[in-house]
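The values are calculated or read from the model by the stated rules, or taken from the named source; none is laboratory data. Quantities reported herein were computed from a predicted structural model and do not represent experimental measurements. Note that each Cβ is placed from the backbone with ideal geometry, even for glycine, and that neighbours are counted across all protein chains shown. These accessible areas exclude ligands, DNA and RNA; they are computed on the full protein's heavy atoms, side chains included. Shrake-Rupley method; radii C 1.70, N 1.55, O 1.52, S 1.80 Å.
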Amino acid sequence: MMSETMQATPARPGRRAAPSALLRAQAALCAEWIKLRSLRSMLVTPALAAAVCIGYADFLCWRFTHRWHTFDAANKAGFQPLDTNFNVLVIGVLFFGVLGAFVVTNEYDNGLIRATLAATPQRGLILAAKTALVMLIALLSSAVLCFTAFLTGQGILAGGHLPHVTLADAGVLGRVLGAIFYLTAASLIGLFIGVLARSAAVAITCVFGVFLVLPTLLNSLHGGVWRHTVPYLPSNLGNALWLSPTGWLVRPTVAALGLGAYIMVLGALATYSLRSRDA
(Lines give C-alpha, C1' and ligand atoms only; values in the text may rest on other atoms or scores of the structure.)
Protein backbone atom coordinates (compact mmCIF):
# COMPACT_ATOMS: atom_id res chain seq x y z
CA MET A 1 0.00 0.00 0.00
CA MET A 2 1.49 3.15 -1.15
CA SER A 3 1.24 6.19 1.04
CA GLU A 4 1.24 9.60 -0.40
CA THR A 5 3.51 12.07 1.21
CA MET A 6 1.78 15.35 1.45
CA GLN A 7 4.18 18.19 1.61
CA ALA A 8 2.70 21.43 2.72
CA THR A 9 3.75 24.26 0.57
CA PRO A 10 4.57 27.26 2.68
CA ALA A 11 2.30 30.14 1.94
CA ARG A 12 4.04 33.08 0.44
CA PRO A 13 3.41 36.22 2.30
CA GLY A 14 1.35 38.57 0.15
CA ARG A 15 2.80 41.88 -0.85
CA ARG A 16 1.57 44.71 1.24
CA ALA A 17 -0.22 47.25 -0.86
CA ALA A 18 1.59 50.55 -1.19
CA PRO A 19 -0.08 53.38 0.71
CA SER A 20 -2.25 55.64 -1.38
CA ALA A 21 -1.19 59.13 -2.33
CA LEU A 22 -3.72 60.53 0.13
CA LEU A 23 -2.29 58.53 3.03
CA ARG A 24 1.25 59.57 2.12
CA ALA A 25 0.17 63.22 2.01
CA GLN A 26 -1.56 62.94 5.39
CA ALA A 27 1.50 61.30 6.93
CA ALA A 28 3.78 64.00 5.52
CA LEU A 29 1.50 66.77 6.82
CA CYS A 30 1.33 65.20 10.29
CA ALA A 31 5.10 64.79 10.44
CA GLU A 32 5.75 68.36 9.33
CA TRP A 33 3.14 69.71 11.74
CA ILE A 34 4.79 67.93 14.67
CA LYS A 35 8.13 69.50 13.72
CA LEU A 36 6.65 72.95 13.25
CA ARG A 37 4.93 72.84 16.64
CA SER A 38 8.28 72.18 18.28
CA LEU A 39 9.91 75.20 16.65
CA ARG A 40 10.02 78.20 18.97
CA SER A 41 10.29 80.50 15.97
CA MET A 42 6.81 79.46 14.82
CA LEU A 43 5.37 81.15 17.90
CA VAL A 44 7.92 83.89 18.55
CA THR A 45 8.14 85.30 15.01
CA PRO A 46 4.39 85.84 14.37
CA ALA A 47 3.91 87.16 17.91
CA LEU A 48 6.82 89.57 17.52
CA ALA A 49 5.56 90.66 14.10
CA ALA A 50 2.10 91.36 15.53
CA ALA A 51 3.47 93.28 18.53
CA VAL A 52 5.83 95.42 16.44
CA CYS A 53 3.47 96.09 13.52
CA ILE A 54 0.28 96.70 15.48
CA GLY A 55 2.07 98.75 18.12
CA TYR A 56 3.92 100.88 15.59
CA ALA A 57 0.83 101.36 13.41
CA ASP A 58 -1.16 102.56 16.40
CA PHE A 59 1.68 104.85 17.42
CA LEU A 60 1.77 106.45 13.95
CA CYS A 61 -2.00 107.03 14.02
CA TRP A 62 -1.78 108.47 17.54
CA ARG A 63 1.07 110.75 16.42
CA PHE A 64 -1.03 112.10 13.56
CA THR A 65 -3.90 112.89 15.91
CA HIS A 66 -1.59 114.99 18.08
CA ARG A 67 0.07 116.82 15.18
CA TRP A 68 -2.96 117.30 12.97
CA HIS A 69 -3.33 120.95 13.96
CA THR A 70 0.15 121.68 12.59
CA PHE A 71 -0.65 120.46 9.06
CA ASP A 72 -1.49 122.87 6.29
CA ALA A 73 -4.52 122.50 4.04
CA ALA A 74 -2.60 120.65 1.31
CA ASN A 75 -1.27 118.01 3.71
CA LYS A 76 -4.69 117.53 5.25
CA ALA A 77 -6.27 117.11 1.82
CA GLY A 78 -3.67 114.52 0.81
CA PHE A 79 -3.89 112.50 4.02
CA GLN A 80 -4.44 108.77 3.35
CA PRO A 81 -5.70 107.02 6.51
CA LEU A 82 -5.11 103.46 5.32
CA ASP A 83 -1.61 104.22 4.04
CA THR A 84 -0.76 105.66 7.44
CA ASN A 85 -2.18 102.56 9.10
CA PHE A 86 -0.40 100.00 6.89
CA ASN A 87 3.00 101.61 6.35
CA VAL A 88 4.33 99.14 8.92
CA LEU A 89 4.02 96.36 6.33
CA VAL A 90 7.47 97.42 5.14
CA ILE A 91 8.68 95.89 8.41
CA GLY A 92 6.07 93.16 8.68
CA VAL A 93 7.01 91.57 5.38
CA LEU A 94 10.52 90.93 6.72
CA PHE A 95 9.13 89.02 9.69
CA PHE A 96 7.00 86.82 7.46
CA GLY A 97 9.81 86.18 4.99
CA VAL A 98 12.09 85.12 7.84
CA LEU A 99 9.29 82.97 9.28
CA GLY A 100 9.11 80.95 6.06
CA ALA A 101 12.89 80.63 5.85
CA PHE A 102 13.14 79.29 9.41
CA VAL A 103 10.82 76.37 8.59
CA VAL A 104 13.43 74.65 6.44
CA THR A 105 16.76 76.17 7.46
CA ASN A 106 16.26 74.96 11.03
CA GLU A 107 16.35 71.36 9.76
CA TYR A 108 19.51 71.95 7.77
CA ASP A 109 21.23 73.69 10.68
CA ASN A 110 20.56 70.88 13.18
CA GLY A 111 20.88 67.98 10.71
CA LEU A 112 17.26 66.85 11.08
CA ILE A 113 16.80 67.09 7.32
CA ARG A 114 18.60 63.75 6.87
CA ALA A 115 16.07 61.97 9.08
CA THR A 116 13.24 63.73 7.27
CA LEU A 117 14.44 62.62 3.85
CA ALA A 118 15.07 59.06 5.09
CA ALA A 119 11.55 58.80 6.52
CA THR A 120 9.91 60.35 3.44
CA PRO A 121 11.95 59.72 0.28
CA GLN A 122 9.46 61.67 -1.82
CA ARG A 123 11.19 65.03 -1.53
CA GLY A 124 8.59 66.88 -3.52
CA LEU A 125 5.96 65.68 -1.04
CA ILE A 126 8.01 67.04 1.86
CA LEU A 127 8.22 70.47 0.26
CA ALA A 128 4.51 70.42 -0.60
CA ALA A 129 3.63 69.64 3.04
CA LYS A 130 5.89 72.43 4.30
CA THR A 131 4.38 74.84 1.77
CA ALA A 132 0.81 74.02 2.78
CA LEU A 133 1.51 74.45 6.50
CA VAL A 134 3.53 77.66 6.08
CA MET A 135 0.79 79.12 3.90
CA LEU A 136 -1.87 78.26 6.50
CA ILE A 137 0.15 79.66 9.42
CA ALA A 138 1.07 82.83 7.53
CA LEU A 139 -2.49 83.34 6.29
CA LEU A 140 -3.99 83.12 9.77
CA SER A 141 -1.23 85.20 11.39
CA SER A 142 -1.35 87.93 8.75
CA ALA A 143 -5.15 88.08 8.90
CA VAL A 144 -5.05 88.65 12.67
CA LEU A 145 -2.27 91.23 12.29
CA CYS A 146 -3.83 93.20 9.44
CA PHE A 147 -7.39 93.31 10.74
CA THR A 148 -6.24 94.18 14.27
CA ALA A 149 -3.92 96.93 13.03
CA PHE A 150 -6.67 98.28 10.78
CA LEU A 151 -9.38 98.35 13.45
CA THR A 152 -7.21 99.82 16.20
CA GLY A 153 -5.48 102.35 13.95
CA GLN A 154 -8.66 103.61 12.31
CA GLY A 155 -10.29 103.74 15.72
CA ILE A 156 -7.51 106.04 16.95
CA LEU A 157 -7.92 108.29 13.90
CA ALA A 158 -11.69 108.40 14.36
CA GLY A 159 -11.28 109.21 18.04
CA GLY A 160 -9.06 112.13 17.12
CA HIS A 161 -11.62 113.37 14.55
CA LEU A 162 -9.22 112.75 11.66
CA PRO A 163 -10.19 111.33 8.28
CA HIS A 164 -10.61 107.56 8.62
CA VAL A 165 -12.07 104.62 6.72
CA THR A 166 -14.09 101.52 7.50
CA LEU A 167 -14.29 98.11 5.88
CA ALA A 168 -17.55 99.18 4.26
CA ASP A 169 -15.86 101.97 2.30
CA ALA A 170 -15.15 101.32 -1.37
CA GLY A 171 -11.93 99.39 -1.99
CA VAL A 172 -10.86 99.22 1.67
CA LEU A 173 -11.60 95.54 2.27
CA GLY A 174 -9.78 94.64 -0.95
CA ARG A 175 -6.68 96.51 0.20
CA VAL A 176 -6.75 94.81 3.60
CA LEU A 177 -7.05 91.41 1.90
CA GLY A 178 -4.24 92.44 -0.44
CA ALA A 179 -2.02 93.13 2.55
CA ILE A 180 -2.81 89.66 3.92
CA PHE A 181 -1.97 88.10 0.56
CA TYR A 182 1.30 90.03 0.41
CA LEU A 183 2.48 88.81 3.84
CA THR A 184 1.45 85.24 3.03
CA ALA A 185 3.31 85.38 -0.29
CA ALA A 186 6.39 86.72 1.52
CA SER A 187 6.39 83.70 3.83
CA LEU A 188 6.33 81.32 0.84
CA ILE A 189 9.11 83.26 -0.88
CA GLY A 190 11.11 82.99 2.33
CA LEU A 191 10.45 79.25 2.51
CA PHE A 192 11.73 78.62 -1.01
CA ILE A 193 14.73 80.88 -0.46
CA GLY A 194 15.49 78.78 2.63
CA VAL A 195 15.44 75.58 0.57
CA LEU A 196 17.84 77.10 -1.92
CA ALA A 197 20.14 78.67 0.69
CA ARG A 198 20.12 75.81 3.26
CA SER A 199 21.41 78.21 5.90
CA ALA A 200 19.46 80.48 8.23
CA ALA A 201 22.02 83.28 7.99
CA VAL A 202 22.14 83.19 4.18
CA ALA A 203 18.36 82.89 3.86
CA ILE A 204 17.68 85.82 6.20
CA THR A 205 20.21 87.94 4.29
CA CYS A 206 18.48 87.07 1.02
CA VAL A 207 15.04 87.90 2.44
CA PHE A 208 16.27 91.31 3.58
CA GLY A 209 17.94 91.79 0.21
CA VAL A 210 14.79 90.98 -1.78
CA PHE A 211 12.31 92.98 0.28
CA LEU A 212 14.41 95.85 1.58
CA VAL A 213 17.83 96.36 -0.01
CA LEU A 214 17.06 95.65 -3.68
CA PRO A 215 14.17 98.16 -3.97
CA THR A 216 16.29 100.82 -2.28
CA LEU A 217 19.17 100.29 -4.71
CA LEU A 218 17.01 100.20 -7.84
CA ASN A 219 15.01 103.29 -6.87
CA SER A 220 18.01 105.34 -7.97
CA LEU A 221 17.64 104.11 -11.56
CA HIS A 222 15.91 106.27 -14.13
CA GLY A 223 14.35 105.94 -17.53
CA GLY A 224 13.36 102.69 -19.18
CA VAL A 225 15.38 100.48 -16.87
CA TRP A 226 13.57 101.85 -13.81
CA ARG A 227 10.16 101.60 -15.47
CA HIS A 228 10.62 97.95 -16.43
CA THR A 229 12.21 96.68 -13.21
CA VAL A 230 11.32 98.53 -10.01
CA PRO A 231 7.50 98.27 -10.21
CA TYR A 232 7.81 94.48 -10.65
CA LEU A 233 10.01 93.79 -7.65
CA PRO A 234 8.24 91.61 -5.03
CA SER A 235 8.07 94.45 -2.50
CA ASN A 236 6.55 96.92 -4.95
CA LEU A 237 4.09 94.32 -6.23
CA GLY A 238 3.05 93.82 -2.62
CA ASN A 239 2.77 97.57 -2.06
CA ALA A 240 0.44 97.81 -5.05
CA LEU A 241 -2.00 95.52 -3.21
CA TRP A 242 -2.53 97.81 -0.20
CA LEU A 243 -1.08 101.23 -1.00
CA SER A 244 -3.22 103.99 -2.49
CA PRO A 245 -2.98 103.97 -6.30
CA THR A 246 0.01 105.91 -7.63
CA GLY A 247 1.35 106.60 -11.08
CA TRP A 248 4.16 104.05 -11.00
CA LEU A 249 2.72 101.04 -9.15
CA VAL A 250 1.03 98.37 -11.24
CA ARG A 251 -2.65 97.50 -10.88
CA PRO A 252 -3.58 95.17 -7.98
CA THR A 253 -4.57 92.36 -10.35
CA VAL A 254 -1.19 92.52 -12.10
CA ALA A 255 0.53 92.70 -8.72
CA ALA A 256 -1.23 89.57 -7.44
CA LEU A 257 -0.34 87.67 -10.61
CA GLY A 258 3.24 88.88 -10.39
CA LEU A 259 3.64 87.67 -6.82
CA GLY A 260 2.09 84.37 -7.82
CA ALA A 261 4.64 84.06 -10.63
CA TYR A 262 7.50 84.70 -8.18
CA ILE A 263 6.14 81.98 -5.90
CA MET A 264 5.79 79.44 -8.71
CA VAL A 265 9.26 80.09 -10.15
CA LEU A 266 10.96 79.95 -6.75
CA GLY A 267 8.90 76.88 -5.84
CA ALA A 268 10.04 75.09 -8.98
CA LEU A 269 13.68 76.00 -8.29
CA ALA A 270 13.35 74.86 -4.67
CA THR A 271 11.81 71.54 -5.75
CA TYR A 272 14.61 70.93 -8.23
CA SER A 273 17.23 71.84 -5.64
CA LEU A 274 15.74 69.55 -3.00
CA ARG A 275 15.54 66.62 -5.41
CA SER A 276 18.95 67.02 -7.02
CA ARG A 277 21.20 67.96 -4.09
CA ASP A 278 22.33 65.74 -1.24
CA ALA A 279 21.25 66.58 2.29
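What distance in nm separates the two pseudo spin-label positions at Ala168 and Trp33, each 7 Å out from Cα along the beta-carbon direction?
About 3.9 nm, to one decimal.
Counting only heavy atoms of the protein chains, get the accessible area per residue of region 129-240 (1.4 Å probe) and round it to a whole Å² value.
41
Have a look at the chain and give its Rg and Dmax from the Cα atoms, expressed in angstrom.
25.1, 123
For region 43-97, what is the accessible area per residue in Å², given a 1.4 Å probe and the full set of protein chains?
That works out to 49 Å² per residue.
7 Å from Cα along Cα→Cβ at both Ala158 and Met264: what's the point-to-point distance in nm?
A separation of 4.0 nm, rounded to one decimal place.
Give me the number: length gained by fully extending Ala73 to Val202, i.e. 0.36 nm times residue separation minus the C-alpha to C-alpha distance, one decimal in nm.
Answer, rounded to one decimal: 41.7 nm.
From the phi angles alone, apply the Karplus equation (6.51, -1.76, 1.60; θ = phi - 60°) to region 163-171 and give each ³J(HN,Hα) in whole Hz, x where the residue is Gly or Pro.
Computed from phi, the couplings for region 163-171 are x, 8, 10, 10, 5, 7, 6, 4, x Hz.
The chain: longest stretch without exposed trypsin sites (Lys or Arg not before Pro) (DSSP loop, at most 14 other Cβ within 10 Å), sites themselves excluded?
That would be 41-276.
Can you give me the C-alpha center-to-center distance between region 150-186 and region 55-114, rounded to a whole angstrom?
13
Got the relative contact order for the chain handy, in percent, Cα pairs under 8 Å and 6 or more residues apart?
Result for the chain is 24 percent.
Any chance you could run the full-extension gain for Trp248 through Leu23? It's 0.36 nm times the residue separation minus the Cα-Cα distance, nm to one decimal.
Stretched fully, the Trp248-Leu23 segment lengthens by 76.2 nm.
Out of the chymotrypsin sites (Phe, Trp or Tyr not before Pro) in region 179-279, which ones are loop residues according to DSSP with at most 15 other C-beta atoms within 10 Å?
Of the chymotrypsin sites (Phe, Trp or Tyr not before Pro), the ones in loops of region 179-279 whose Cβ has at most 15 other Cβ atoms within 10 Å are Trp248.
Which percent of the Cα-Cα distances in region 136-279 go past 27 Å?
Percent of Cα pairs beyond 27 Å in region 136-279: 32.
Leaving ligands, DNA and RNA out of it, report the carbon-plus-sulfur percent of the accessible area of the chain at a 1.4 Å probe.
Here carbon and sulfur together make up 67 percent of the probe-accessible area.
Helices from the chain with mean Kyte-Doolittle at least 1.0 and a Cα length along the axis of 27 Å or more, per DSSP H: which?
Length and hydropathy pass: 89-110, 123-159, 172-197, 252-276.
Testing the spin-label approximation: label points 7 Å from Cα along Cα→Cβ at Asp109 and Val144. State their distance in nm.
With each label placed 7 Å out from Cα toward Cβ, I get 2.3 nm.
Using the Cα atoms of region 13-95 to build a convex hull, what is its mean projected area in square nanometres?
Computing the convex hull of the Cα atoms and averaging its projections yields 9.0 nm².
Counting only helical runs of four or more DSSP H residues, what would the 222 nm mean residue ellipticity of the chain come to if each run contributes -39,500 (n - 2.57) and the total is spread over all its residues?
Here the helix-only value at 222 nm equals -24000 deg cm²/dmol.
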